[in-house]
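Read-outs throughout are calculated quantities, based only on the coordinates presented, and are distinct from any laboratory measurement. The structure presented is a predicted model; accordingly, all values stated were derived computationally and were not measured. Glycine also receives a Cβ, built like all others from the backbone with ideal geometry; neighbour counts cover every protein chain displayed.
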Amino acid sequence: MRFTNTPLCADPAVDPEIFFPISEIDPREVEQTEKAKAICRSCRAQEECLEKALDGGPFTAFGVWGALTEQERRNLKRRRARSAA
C-alpha cells in the first residue's frame, strides 16, 4: 500500500502490533487501541489511510487504520451509504 505521506506506523520505532489489538473489550486491549489511535491522529497520512481502509484494500479488514477500529469503520461506511442514498 503506497501513501502520499509516509505514515507514522511505518516508522521502525513504532511496533506494528499496536495497531492490531486482539479485542476491543479487554481493558488492556482498549489501552492498546487508544495508543494506536493517538499515533494515527498525529499522522499526516491519517485521512489517506482511512480512505484506503474504507475502500477495502488488502489487510485493512482488521486493526486500527486512520484512527478507527474495525467496528468504527463499518459504522462509518454505513453512515456514508445512508447519506449517499
- Taking region 8-84, the whole-percent share of alpha-carbon pairs separated by over 16 angstrom is 49 percent
- Note on the structure: The size of the Cβ-based charge dipole (Lys, Arg +1; Asp, Glu -1) of the chain about the Cα centre, to the nearest 20 debye, is 540 debye
- Neighbourhood charge, 12 Å Cβ-Cβ cut-off, centred on residue 32 and excluding it, Lys, Arg +1 and Asp, Glu -1: -4
- Note on the structure: For region 53-64, in residue order, the Karplus 3J(HN,Hα) values (coefficients 6.51, -1.76, 1.60; θ = phi - 60°; whole Hz; Gly and Pro = x) are 5, 5, 6, x, x, x, 6, 9, 6, 10, x, 8
- What full-extension length gain, to one decimal in nm, is calculated for residue 85 and residue 62 as 0.36 nm per residue of separation minus the Cα-Cα distance? 5.6 nm
- Message: Testing the spin-label approximation: label points 7 Å from Cα along Cα→Cβ at residue 42 and residue 71. State their distance in nm.
- Response: 2.6 nm
